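Worksheet for the structure shown next.
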Protein chains: 4
Amino acid sequence: MKIPVGILGATGSVGQQFVNLLRNHPWFEVKALAASERSAGKQYKDAVNWILNDPIPEHLSQLTVSDCIPDLPCKVVFSGLDASVAGEIETNFARAGYLVISNSRNHRYDPDVPLLIPEVNPDHLGLLHQQKYGSGGIVTNPNCSVVGLALALKPLYDRFGIEALHVVTLQALSGAGYPGVSSLDILDNVIPLVAGEELKVQTEPNKILGTFSTGKIEPAQIKISAQCNRVAVKDGHLECVSVKLLQPAPESEIIETWQNFRSVPQELELPMAPANPIYYFTEVNYPQPRRHRNLDKGMAVSIGRLQPCPVLDYKFVLLSHNTIRGAAGAAILNAELMLKQGYLAN
Amino acid sequence: MKIPVGILGATGSVGQQFVNLLRNHPWFEVKALAASERSAGKQYKDAVNWILNDPIPEHLSQLTVSDCIPDLPCKVVFSGLDASVAGEIETNFARAGYLVISNSRNHRYDPDVPLLIPEVNPDHLGLLHQQKYGSGGIVTNPNCSVVGLALALKPLYDRFGIEALHVVTLQALSGAGYPGVSSLDILDNVIPLVAGEELKVQTEPNKILGTFSTGKIEPAQIKISAQCNRVAVKDGHLECVSVKLLQPAPESEIIETWQNFRSVPQELELPMAPANPIYYFTEVNYPQPRRHRNLDKGMAVSIGRLQPCPVLDYKFVLLSHNTIRGAAGAAILNAELMLKQGYLAN
Amino acid sequence: MKIPVGILGATGSVGQQFVNLLRNHPWFEVKALAASERSAGKQYKDAVNWILNDPIPEHLSQLTVSDCIPDLPCKVVFSGLDASVAGEIETNFARAGYLVISNSRNHRYDPDVPLLIPEVNPDHLGLLHQQKYGSGGIVTNPNCSVVGLALALKPLYDRFGIEALHVVTLQALSGAGYPGVSSLDILDNVIPLVAGEELKVQTEPNKILGTFSTGKIEPAQIKISAQCNRVAVKDGHLECVSVKLLQPAPESEIIETWQNFRSVPQELELPMAPANPIYYFTEVNYPQPRRHRNLDKGMAVSIGRLQPCPVLDYKFVLLSHNTIRGAAGAAILNAELMLKQGYLAN
Amino acid sequence: MKIPVGILGATGSVGQQFVNLLRNHPWFEVKALAASERSAGKQYKDAVNWILNDPIPEHLSQLTVSDCIPDLPCKVVFSGLDASVAGEIETNFARAGYLVISNSRNHRYDPDVPLLIPEVNPDHLGLLHQQKYGSGGIVTNPNCSVVGLALALKPLYDRFGIEALHVVTLQALSGAGYPGVSSLDILDNVIPLVAGEELKVQTEPNKILGTFSTGKIEPAQIKISAQCNRVAVKDGHLECVSVKLLQPAPESEIIETWQNFRSVPQELELPMAPANPIYYFTEVNYPQPRRHRNLDKGMAVSIGRLQPCPVLDYKFVLLSHNTIRGAAGAAILNAELMLKQGYLAN
């Protein structure tokens, strides 16, 4: 007996990824596809401008799209809603007793909403008890540039402490949704701006790495500077990172710390969890977006080029798949953790 | 009466740019094209695999290619030689009394060789008097990623002082020469390595910004960290820079300092000099390689996105044309300065 | 004393090209910029999302945008209007006594409207006398894929006759306007459809190559088949063409016919006219979009790879700049011809 | 008990695909990797510049590379040798009793060598009895642009007959091997030449569609014209095809003929065989390389846009994966057919 779930914003680019990744999920079954008024009432295949390479799952293509109002035949909804409407709709669903597992940014900074990465801060789920939504609730995953970064930082933070962080991102086109970036703007070009992104990268890691106790999050105190660029890559955000640690750390120990990193999703063998959250490459020109973005179902973070940094302490390069580990896959892993920890029980 | 000049390595990608940019130069006239044994003896058009969009200058296409030995009909040579051979050949020419204006890296770090940017350190030309080449000599220009960076730093360094610097580059394909980067390696991809580049970026600015007195260079003491990436852009290196200044500086003053920056090449009205060495853009998504690389004949540096940096003091984005300002155009501007300052006199 | 002109649809991508190409025109001076209600009343620089690399001409950037109604301070207007509105607005202007030189498709097939290429069918301007617009009138230029094709066919048609024609196009992104093609649709991809284009390519050449006599056009009778593709190229449409001629023709004679082709714009030395309408390349891998699209101000057609065709008679490859020779530049050349032939006289 | 096989040219780009696709083959097991002198004696992982996204199969990475001489521990070899050496080496192996299943072009036109596509001309395997290699033999697969084309033509040829054929290809970069096409040649560009390709496309289909009887192939008599272009796509050759049929055919019947096409590999359920050799898409902008190249393990041909052709009879667009269906996958399917038909028996 699978748990019935719904998808809010099912026709958008994140919504399509939910549809795609939940295709044969062992625990969840998509029973409702909700979208804007314009789409509601149509069959999904007629409402959606399907942009993924895999075809629409057969059994969903003829499902009638619902309105985004809380009378869907399920208690759990994944939200890929656009930020312009997500705030209110998600609140409505939570109040009506739904568990909303959201990829949207609107509630990420609410003090009682977990900004969850199951390998990093599974205990933050405890925040759900602080919410005023009765049996409902809202859980969010971080921005697509932050998930991979927070995963790479977590074992270093725990072992050595982190004082400061400098990140330059080279972000993929799919992060901008569809149609997103015009081909005329990116062919033979780089755009040195991803609107709103730098602030998110400078803010979210401290909440994620924060300490949960007595019902609230005490954020970490890392100084973070981010510069975000858009490059001509379909999927996979590459990030050039420099860190200043609180304790001395030999290079080999950092690599070992990454390679040995396992956490709750690996112990629980969550279906969406990667076998290893972090792969360290010794090849001098790795990781690369096209080669490594799909590593371990697109859920692993690839790291390489660890070197001493003459300004901070160490620098390295990381890569993660922005629409899987950084969006729909992240939310699904959140739901899997919630199920295993009893938050989705009937 | 123009000054006759020769080009060493005339069939390579930098050599072709020399040929192209010197096409109608008011002061210099190309009289000799020298290349490897394989090419020597052939007409230039038959020896070269011409890769530029402009055609080969008519009067040079049938010139017979010479060997790279110092019996060319000129006293000044531009060198675009490959680093595997440039060291020895350039020394040979200098010893034979030629002034060698080189884009190769081999002699850049020789203590008696100027690493010259006419707007930044024109006085370093004084080093020529230290060389043991008699009437000959060697002058070099910096690495393609360093020229634009050093130009952006110079006015800040003079006014506020610089303590530390963090740079992430997004470098164009033409920097790797021809055939250079395989299309299979860069389509839908980024390569987080430009071999040997990070060390150059971490080293050269301190020599360039150094003080020349009593016959030698006292290097600057900026701590520099660089991470270099190759992206799918034809020309134009974009750099994400963070700086820590020695003195407090309001944002507006930094911009003003850049906008007001003029130097010797502008005063002397050197033909290759840009009207303004630095353009500051207020558009939030500028500068961009395809839009701004050709600004002011490809000789200006474009800067934008100045913001406070939570880790160092300020961050910004800069762009310069890697094969013009960063290679052949840089060397030609060096030659123009040398002419005006009496170093090319007969 | 320059002739004052206006631009209809001045904020669109074709409109911007009119603004750009008329920047320093010796005969015309832009005095009015008209666009939709949304833009009217604003300064041009605030109304336009300027996408070209050259900056907005200084003196036009602060011009107030007008509505597209016929009370502009000029008698000649260039139209880059979107096809959804061009039909009616252009008719209104013509009726009000304006000469409308249009790049839009709406009136191209009107029997009394010239589909003009000055090198090919300058006599078709005689159609203007058939129009019912009083002192006003409408002249159009062909679709961006057809201009280069018709230029390549014209000398063959006159000398050997053409029975049939097979064309496959590889069209540039700028042909779709801005934002046009999503980067997610074209990176590492080809789209084998340019909506509506095949019909235009199969239709327009016969009108253009038709005979004008007794006040109407007798179309040519070439059988034409077209397949149109969109590729990841910024500017420049490449076309693979096969032709069946009516008379036998040796290869050398075809090339000679192209190379010797000159016409009225060359005789009249129209400012926008290329010195040679057609360049034939003997290099086996030419022409190429990035290398040859800007040949002769972007107004020349590049041809190469003439070979016998085992199915029809000959095959070859042609290239022309879609937004210059195929759009704004084409219309300006039309206007220049009209001026010289007395159609723009006061 | 799997059949041991070797790979000739195992370090090249086709050789790597053999290694990759044979990773878990149910019938074959790679026991020998042979390459040039430069590689022989090294471990495979040290000899190869591995360019595929999947990692090197664990058990092969440490296998010692052999010389390309016929003393390998197997009787069947796949050849991905470069054409400069394939002719002689393959002959040597065949003479020594090996069955050589080759992707190289050298023996394709030998009258006694099958140019085999299992769905199209499985009976041509009978040619093996004409060869003078004793128990050895040579079987080839067609050029990467021809496999998909021949598959699309086969059902039409059998049912309606084909008189003439016009093809324009838009070919992927991987077809040129590694490093192959320089990024500087293809970014923002098309190269209207694939050296040697047009002749192959004009020749091979007639041998493939030919009739085998009394020990030889009577070639088909289709007039074929091809124009071949290289575009900025990683994998997947797109082809714009026009055909002239011998008998009238309604559009619906052509589509039905394609959709119903099944052949020997499907009946035999060969592991590498696609379920349907041909997929017809009704979407007006399909097929597309990035979306459809991997259809059915990269072994299916995608077709779309069937329309009447004003010059010949019909036109359409087809796509097939050039390095799977058009190279290594094709050869493996050939081997599977040979095994089932008793040609690989011990």
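Taking amide H as placed 1.01 Å from N in the peptide plane, the amide H of C:ALA232 sits under 5 Å from that of D:ALA232, each at least 5 places away or on another chain. Amide H contacts of A:GLN227 (H built 1.01 Å from N, in plane; Pro and chain starts excluded): A:VAL167, A:VAL168, A:THR169 sit under 5 Å, all sequence-distant by 5 or more or on other chains. Which values of log₁₀ I(q)/I(0), to two decimal places, follow from the Debye formula for segment D:185-224 at q = 0.32, 0.35 Å⁻¹ with a uniform point scatterer at every Cα? Each listed q corresponds, in turn, to -1.01, -1.09. Counting only protein heavy atoms and using a 1.4 Å probe, the accessible area of D:ASP82 comes to about 100 Å². If a/c stays under 1.5 just call it rounded; otherwise compare a/b with b/c (prolate if a/b is bigger, oblate if not). Do that for segment C:73-199, with a ≥ b ≥ c from the square roots of the Cα gyration tensor eigenvalues. Oblate. For B:GLU256 and A:ALA83, the FRET efficiency from 1/(1 + (r/R0)^6), where r spans their Cβ atoms and R0 equals 35 Å, is about 0.45.
The alpha carbon convex hull volume per residue for segment D:253-299 rounds to 67 Å³. For segment C:65-163, the set of chymotrypsin sites (Phe, Trp or Tyr not before Pro) satisfying both a DSSP loop assignment and a count of at most 16 other C-beta atoms within 10 Å is given as C:TYR109. Measuring only protein heavy atoms, the 1.4 Å probe finds C:TYR178 accessible over about 80 Å². Each other residue within a Cβ distance under 11 Å of C:TYR98 adds +1 if Lys or Arg and -1 if Asp or Glu, for a net charge of 0.
Where does the Debye-calculated log10 I(q)/I(0) of the protein assembly as shown sit at q = 0.04, 0.08 Å⁻¹, using only Cα point scatterers of equal weight, no solvent? Listed by q, the Debye log ratios stand at -0.26, -1.14.
Given in Å, the Rg to one decimal and the Dmax to the nearest whole number for the Cα atoms of segment D:1-45 are 10.6, 33. Beta bridges from DSSP with both residues in segment D:229-318: antiparallel share about 70 percent, rounded to the nearest 5. With Cα atoms defining each centre, segment D:217-254 and segment C:228-248 are spaced 17 Å apart in the structure.
Computed over all pairs of different Cα atoms, the Kirkwood value for the hydrodynamic radius of segment B:166-265 is 16.1 Å.
Sorted from shortest to longest, the distances between the A:THR64 label points of this copy and the other copies are 5.4, 7.2, 8.8 nm, with each point 7 Å from Cα along the line through the beta carbon.
Phi angles of segment B:232-243 translate, via the Karplus equation with coefficients 6.51, -1.76, 1.60 and θ = phi - 60°, into HN-Hα couplings of 7, 10, 6, 9, x, 8, 9, 9, 9, 10, 10, 10 Hz per residue; Gly and Pro are given as x.
Rounded to the nearest whole Hz, the Karplus-based 3J(HN,Hα) values (6.51 cos²θ - 1.76 cosθ + 1.60, θ = phi - 60°) of segment B:117-123 follow the sequence 10, x, 6, 9, 9, x, 5, with x at glycine and proline. Of the solvent-accessible surface of segment D:115-193, computed with a 1.4 Å probe over protein heavy atoms with every protein chain present, carbon and sulfur atoms account for 48 percent. Annotation note: GluC sites (Glu not before Pro) in segment D:193-291 located in DSSP loop regions with a Cβ neighbour count of at most 12 within 10 Å are D:GLU269, D:GLU283. With the convex hull drawn around the C-alpha atoms of segment C:198-247, the volume per residue stands at 112 Å³. Projected label points at A:THR214 and C:TYR178, each 7 Å from Cα along the beta carbon direction, are separated by 5.6 nanometres. What the Cα atoms of segment A:217-283 give is an Rg and a Dmax of 15.6, 39 Å. Between the C-alpha center of segment B:288-320 and that of segment B:67-95 there is a gap of 35 Å. For segment B:1-136, the antiparallel share of DSSP beta bridges with both residues in that region comes to about 5%. Taking every full run of DSSP H in chain C, the ones that stretch at least 20 Å from end to end by Cα along their long axis and average 0.5 or higher on the Kyte-Doolittle scale are C:144-160. Based on C-alpha pairs under 8 angstrom that are at least 6 apart in sequence, segment D:245-346 has a relative contact order of 23 percent. For segment D:1-95, what's the relative contact order in percent, using C-alpha pairs closer than 8 Å and at least 6 residues apart? That works out to 37 percent.
Projected onto their three principal axes, the Cα atoms of chain B cover extents of 59, 52, 32 Å, largest first. Each part gets one Cα centre, and for segment D:127-176 versus segment B:109-131 those centres are 64 Å apart. Here segment B:1-114 is treated as a Stokes sphere of Kirkwood radius computed over C-alpha pairs; at 37 °C and 0.692 mPa s its diffusion coefficient rounds to 235 µm²/s. By the Cα gyration tensor, segment A:150-217 has an equivalent ellipsoid whose semi-axes, rounded to whole angstrom, run 32, 14, 10 from largest to smallest.
Here is the P(r) of segment A:64-118: all C-alpha pair distances, binned every 5 Å from 0, give 4, 20, 32, 26, 13, 4, 1, 0 in whole percents. When the helices of chain C are scored as -39500 (n - 2.57) per DSSP H run of n ≥ 4 and the total is divided over every residue, the value at 222 nm lands at -7500 deg cm²/dmol. Chain A residue nearest the rotation axis toward D, with distance: A:ASP188, 2 (Cβ to axis, whole Å). Of the GluC sites (Glu not before Pro) found in segment A:25-81, those in coil by DSSP whose Cβ has at most 16 other Cβ atoms within 10 Å are A:GLU37. Using the Cβ-Cβ distance between A:TYR109 and D:GLN266 with R0 = 51 Å, the FRET efficiency computed as 1/(1 + (r/R0)^6) comes to roughly 0.35. P(r) for segment C:201-346, from all Cα pairs and a bin width of 10 Å, is 10, 32, 40, 15, 2, 0 %, short bins first. Between the amide H of D:SER79 and those of D:LEU8, D:ILE101, D:SER102, D:ASN103, distances stay under 5 Å, these residues lying 5 or more places away or on another chain, with hydrogens modeled in the peptide plane.
The values are calculated or read from the model by the stated rules, or taken from the named source; none is laboratory data. Quick caveat: nothing in here was measured; it's all calculated off a predicted structure. Neighbour counts run over all protein chains shown; Cβ positions are idealised from the backbone, glycine included. What goes into the accessible areas is simple: the full protein's heavy atoms, side chains included, and nothing from ligands, DNA or RNA. Shrake-Rupley method; radii C 1.70, N 1.55, O 1.52, S 1.80 Å.
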